[in-house]
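Report on the following structure.
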Amino acid sequence: MDIVYLHGIKVETVIGVWDWERLIKQTLLVDIDVGTDTSIAGKSDALADTINYQAIAELVGEIAHENSFALVEALGEEIGSQLLKKFSLPYVKIRINKQGAVPGVRDVGIIIERSQS
């Protein structure tokens, strides 16, 4: 299995469990790794034979913009579920970084991996 990745997708969303967090949008950094077979695209050199990076980034942005989760875990589950379904992927890995969520800690977040059952 090959990996196509998009790292550092910036999304603005309402996320958090504290009352003040529900009143503002926060910036999250999202990394996406998707498992796929890139050999056909490698031979054809045609966009139609691979995953459209822009479509993945747009879907991640839409999910973050249209929802208001309390937990990054819930956002990650939704992103993973929709990516697997919409792009018929065998595997996804999602990393969500909520920088500054804990004082004195640069990076805080989750990494989830999901596959087709």
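The values are calculated or read from the model by the stated rules, or taken from the named source; none is laboratory data. Here the structure is a predicted model, which is why all the values come from computation and not from measurement. No Cβ is skipped: glycine too gets one built from the backbone with ideal geometry, and neighbour counts run over all protein chains shown. Heads up: the accessible areas ignore ligands, DNA and RNA and are worked out on the full protein's heavy atoms, side chains in. Shrake-Rupley method; radii C 1.70, N 1.55, O 1.52, S 1.80 Å.
Observations on the model:
- Within the range 14-117, strands (runs of 3 or more DSSP E) holding 1 or more residues that are of a type in the set (Phe, Trp, Tyr) and either within 18 Å of Met1 (Cβ to Cβ) or modelled with pLDDT of 95 or more (or both): 91-97
- The set of residues from the range 64-91 being among the hydrophobic types (A, V, I, L, M, F, W, C), crowded, with 16+ Cβ neighbours inside 10 Å and either without any contact (Cβ under 8 Å) to a residue 24 or more places away in the chain or within 21 Å of Asp37 (Cβ to Cβ) (or both) comprises Leu83, Leu84, Phe87, Leu89.
- Number of the condition not met by Val4 [criteria: (1) closer than 21 Å to Ser115 by Cα; (2) in a strand (DSSP E or B); (3) in contact with a Lys or Arg (Cβ under 9 Å, 6 or more places away or on another chain); (4) open to solvent by less than 20 Å² (accessible area, probe 1.4 Å)]: (3)
- Filter pass, Thr50 being touching a residue at least 60 places away in the same chain (Cβ under 8 Å) and touching a helix residue (DSSP H, G or I) at 6+ places or on another chain (Cβ under 6 Å): no
- Tallying residues that are more than 20 Å from Pro90 (Cβ to Cβ), open to solvent by 40 Å² or more (accessible area, probe 1.4 Å) and of a type outside the set (Phe, Trp, Tyr) within the range 9-42 yields 10.
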